[in-house]
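First the structure, then my questions, so here it is.
The values are calculated or read from the model by the stated rules, or taken from the named source; none is laboratory data. Here the structure is a predicted model, which means the values were calculated and not measured. Quick reminder, even Gly has a Cβ in these numbers, built from the backbone with ideal geometry, and neighbours come from all protein chains shown. When the accessible area is computed, the model is the full protein with side chains, heavy atoms only, and any ligands, DNA or RNA have been set aside. Shrake-Rupley method; radii C 1.70, N 1.55, O 1.52, S 1.80 Å.
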Amino acid sequence: MKPGSSLLDTLFWRAGGLLVLVYALLPVAWILSLSLKPAADLNDKHFVPGELSLEHYQAVFVDAQFPAAVWNSIGIAAISTALSVLLAMFAAYAIVRLRFRGRALILGAALSIAMFPPVAVIGPLFNLWRTLGLYDTWPGLILPYMTFTLPLAIWTLSAFFREIPWDLDKAARVDGATPLQAFRHVIVPLAAPGVFTAAILVFIFAWNDFLFAAALTSTNDARTVPAAIAFFTGSSRFELPTGSIAAASVVVTVPVILVVLVFQRRIVAGLTAGAVKG
Amino acid sequence: MAEIVLDRIEKRFADGTQAVRPTDLTIRDGELFILVGPSGCGKSTLLKIIVGLERPTAGEIRVAGEAVTGRDPKDRNMAMVFQSYALYPHMTVRENMAFPLKLAKLNPAEIAARVKEAAEILELGELLERKPAALSGGQRQRVAMGRAIVRHPAAFLLDEPLSNLDAKLRVQMRTELARLQRRLGTTTVYVTHDQTEAMTLGDRIAVLRKGEIQQVGSPRELYQCPANIFVAGFIGSPAMNFVPAEIDGDRLILPMTEIPLPDALRGRLSARTREVIVGIRPERFTDAARSGGCAGVFSAGVEVVEWLGADLYVHFDVRAHTGGRLGALQQELELDAGHAGRLRLVARVGTDSRVQEGGALGLCVDPGGVLLFDAETGGRLDTGSA
């Protein structure tokens with residue numbers, strides 16, 4: 001390749017990347033700007049706030065429903081993530097390592113669950129949950145979140161498990177490990193990037209979900225942030241709660257960014273390098 | 001320290017392939033026992049059965065007199081070195097070696113002492129804090145060995161441990177392994193497809209083919225008295241020459257010459273045995289010009305001459321029928337069988353022979369040094385020493 005064309009290449013990719021980044025982050029920046037404007041300036045058609053104010057942030061936290069919703073969101077998303085990833089780890093390991101009838105069927109069925117439109121189950125689920133007493137409770141949201149994220153987690157993890165040389169399981173077994181010890185001490189640490197990837201995906205799904213949260217909750221007992229934001233009211237009925245919504249959105253985005261940043265550092269490529277051969 | 005006994009061990013996979021045919025084998029306490037054979041002969045399967053990673057379809061395994069057939073690998077106190085080394089990449093060398101001891105719930109002081117001892121034996125002292133990714137092939141190999149010896153196991157099982165190393169390092173590690181095994185005196189089963197490795201390392205060797213043991217013996221026994229044409233062709237480098245021959249009274253008619261039938265053989269062959277396969281090791285040919293009055297002198301058209309310093313190998317062609325059992329065998333052993341109607345033979349002659357490529361060389365055959373095999377079954381016909 002000529003040096004000139006490679007320079008052009010670099011420029012092209014840099015500019016392209018920048019364009020995508022601006023396109024994706026512009027709405028986020030806008031929301032940030034709205035959240036920092038005083039109520040009176042909300043419609044001033046300026047991108048950069050003329051005057052910074054934290055009044056919307058104060059407003060959302062003064063209202064009792066928002067802190068409750070944040071707590072619900074954190075709890076429900078964390079539990080869904082932990083359970084979903086744990087189950088997916090066992091399922092994926094079994095699918096990759098064990099030869100049993102219906103392996104392909106399980107993977108296929110898992111995928112078909114992921115293709116199922118969630119909105120189609122909302123109605124029946126609403127009735128079912130009311131009968132079972134799960135309506136407006138944490139488990140009532142955790143269960144559907146696990147159902148819809150498990151397929152993705154299983155697929156992600158089985159791809160990672162498949163990369164781990166089988167000799168390592170065998171070596172651990174010969175070294176005196178039970179199957180569970182081999183799994184815990186050798187396989188899981190090596191599949192850590194996959195575990196964290198799956199965890200991020202599940203967490204984001206559970207954290208951002210609006211559909212289930214709006215339909216299956218009714219009070220502060222289990223209502224999560226995306227649903228709670230929809231129930232924000234302005235100070236009078238003639239006022240839209242734009243500033244509060246913006247401030248709340250910024251607040252709920254922060255944990256997701258933190259989670260991604262923390263987990264991302266764990267996703268080190270090439271962790272299995274040096275296990276086998278040269 | 002233990003004797004390993006395989007009693008009528010058999011392995012059939014779910015798809016019906018018979019990986020190991022009923023096998024009896026005794027590996028003596030403290031010996032370095034080699035399982036050797038071409039790929040797919042069942043040697044690795046046999047090793048996995050011994051360590052417990054595979055269950056035999058039938059038969060029993062006893063270690064030090066105790067039946068362990070159904071026992072989990074973790075309870076067999078055997079250490080295995082894998083062809084891929086199978087080091088745990090997320091652990092340092094020290095953690096790798098300590099792992100089996102931690103699982104055995106030894107106290108930390110004991111673990112540290114054992115790891116230190118193994119590291120000293122294997123000269124791994126300076127590498128203890130490194131991760132496997134930062135090690136060279138030979139170092140990884142030593143760590144894998146280290147992880148095996150820290151446990152003071154009943155037996156070492158090595159599955160082609162040297163095949164991922166380059167040629168020079170392989171020879172060096174081979175010697176180190178042999179020395180280590182003698183020093184520790186632990187029963188060792190070593191699987192390889194390389195007959196040179198088998199011959200140089202082993203106290204005793206079992207040659208396997210298609211899941212069946214062909215012969216068990218010391219390297220010398222296998223080389224001098226192979227039980228059949230397969231062992232004869234597999235053991236030795238360059239490989240033994242095979243030519244079809246006919247017995248006519250007390251004479252053996254080879255494609256290129258005829259020699260008197262060795263005295264020891266005359267009485268033993270049944271009268272109807274006429275067609276045989278004759279095996280001649282390259283060193284059983286001699287340069288006719290250098291040795292006076294030898295039998296079966298013939299002139300060989302020299303194709304290629306290989307001069308290795310101490311030895312001189314002469315490759316030449318002989319016109320002969322090449323089909324049937326002989327052709328099948330040569331294919332299986334991946335020998336250079338030559339083309340239709342011609343057999344390619346190798347002779348080792350003294351380096352003082354004046355031989356040129358494309359020239360002719362008078363060779364004779366040592367009648368006492370030929371081996372006779374049944375043309376149909378491939379079994380040995382004579383049982384005298386070669």
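Over the heavy atoms of B:HIS193, what accessible area does a 1.4 Å probe trace out, to the nearest 10 Å²?
Approximately 90 Å² of B:HIS193 is accessible to the 1.4 Å probe.
Shifting gears a bit: What's the local net charge at A:LEU141, with K and R +1, D and E -1, over the other residues with C-beta under 13 Å away?
So the surrounding residues net to -2.
Stokes-Einstein diffusion coefficient for region A:1-53 at 10 °C in a medium of 1.306 mPa s, Rh from the Kirkwood formula over Cα pairs: what value in µm²/s?
My calculation gives 117 µm²/s for D.
Moving on to the next point. Under the Karplus relation 6.51 cos²θ - 1.76 cosθ + 1.60, θ = phi - 60°, what is the ordered set of whole-Hz ³J(HN,Hα) values for region A:173-183, x standing for Gly and Pro?
5, 5, 6, x, 8, 6, x, 5, 5, 4, 5
What dipole magnitude, in Debye to the nearest 20, does chain A give about its Cα centre under +1 on Lys/Arg Cβ and -1 on Asp/Glu Cβ?
1220 debye
Which one, B:GLY358, B:LEU308, B:PRO73, is farthest towards the positive end of the dipole of chain B when Lys and Arg carry +1 and Asp and Glu -1 on their Cβ?
B:PRO73
Same structure, new question: Among A:ALA82, A:ALA159, A:LEU98, whose Cα sits farthest toward the positive end of the charge dipole of region A:60-197 (+1 at Cβ of Lys/Arg, -1 at Cβ of Asp/Glu, about the Cα centre)?
Checking the options against the dipole of region A:60-197, the answer is A:LEU98.
Round to a whole angstrom and tell me the spacing of the C-alpha centers of region B:293-320 and region B:29-84.
Between the Cα centres of region B:293-320 and region B:29-84 lies a distance of 44 Å.
Let me ask something additional. What is the Å³ per residue value for the convex hull set by the Cα atoms of region A:54-277?
150 Å³
Still on this structure, I have one more. Whole percent per 20 Å bin, from 0 to the bin with the longest distance: what is P(r) over all C-alpha pairs of the protein assembly as shown?
Once binned at 20 Å, the Cα pair distances of the protein assembly as shown give 14, 31, 27, 17, 8, 2, 0.
If you don't mind, there's one more thing I want to ask. Under 18 Å between alpha carbons, and skipping anything fewer than 8 positions from B:LYS74 in its own chain: which lysines qualify?
Hits, sequence-local ones excluded: A:LYS170, B:LYS48, B:LYS102, B:LYS105.
On a straight-distance basis, which lysines could pair with A:LYS37 in a cross-link, Cα separation under 24 angstrom, same-chain partners fewer than 8 positions away excluded?
Result set, ordered by chain and number: A:LYS45.
Within 15 Å, Cβ to Cβ, of A:ASP221, how many net charges do the neighbouring residues add up to if Lys/Arg are +1 and Asp/Glu are -1?
Combined, the nearby Lys, Arg, Asp and Glu give +1.
Going by Cα centres, region B:240-258 and region A:104-133 are how many Å apart?
80 Å
Find the relative contact order for region A:54-277 and round it to a whole percent, using C-alpha pairs within less than 8 Å whose residues are 6+ positions apart.
34 percent
Which of A:LEU143, A:THR217, A:GLN58 sits farthest toward the positive end of the charge dipole of chain A, with +1 on the Cβ of Lys and Arg and -1 on the Cβ of Asp and Glu?
Farthest towards the positive end: A:LEU143.
Applying the Karplus parametrisation 6.51 cos²θ - 1.76 cosθ + 1.60 with θ = phi - 60° to the phi angles of region A:206-212, what ³J(HN,Hα) value in whole Hz is obtained for each residue in order, glycine and proline being reported as x?
5, 5, 8, 4, 10, 4, 5
What is the mean number of Cβ atoms from other protein chains located within 10 Å of the Cβ atom of each residue in peptide A:161-173, rounded to a whole number?
5
If you build a Gaussian network model of chain A, linking Cα atoms that sit under 10 Å apart, which residue out of A:GLU55, A:GLU239, A:GLU163 swings the most?
Result: A:GLU239 has the largest fluctuation of those listed.
If you rank A:PHE205, A:PHE212 by how much accessible surface each has, with a 1.4 Å probe, what is the order from largest down?
Listed by decreasing accessible area, they come as A:PHE205, A:PHE212.
Only bridges whose two residues both fall in the protein assembly as shown count here: according to DSSP, what percent of them are antiparallel, nearest 5?
75 percent
Right, something else. Could you work out the mean count of beta carbons from other protein chains within 10 Å of each residue's beta carbon in A:177-185?
3
Among the aspartates and glutamates, select those whose C-alpha is under 20 Å from the C-alpha of B:LYS116, and discard any that sit fewer than 8 residues away in the same chain.
List returned: A:ASP175, B:GLU95, B:GLU126, B:GLU129, B:GLU176.
Further question: Just to confirm a number: summing +1 for Lys and Arg and -1 for Asp and Glu over residues other than B:THR45 whose beta-carbon lies under 9 angstrom from that of B:THR45, what do you get?
Residues near B:THR45 contribute +2 overall.
Now for a different question. Which order do B:CYS41, B:CYS294 take when ranked by solvent-accessible area (1.4 Å probe, heavy atoms of all protein chains), largest first?
Accessible-area ranking of B:CYS41, B:CYS294, largest first: B:CYS294, B:CYS41.
Which whole-angstrom value gives the distance between the alpha carbon centres of region A:1-68 and region B:102-151?
One Cα centre to the other: 54 Å.
In what order, largest first, do A:TRP129, A:TRP30, A:TRP166, A:TRP13 sit by accessible area if the probe radius is 1.4 Å?
The residues order as A:TRP13, A:TRP30, A:TRP166, A:TRP129, largest area first.
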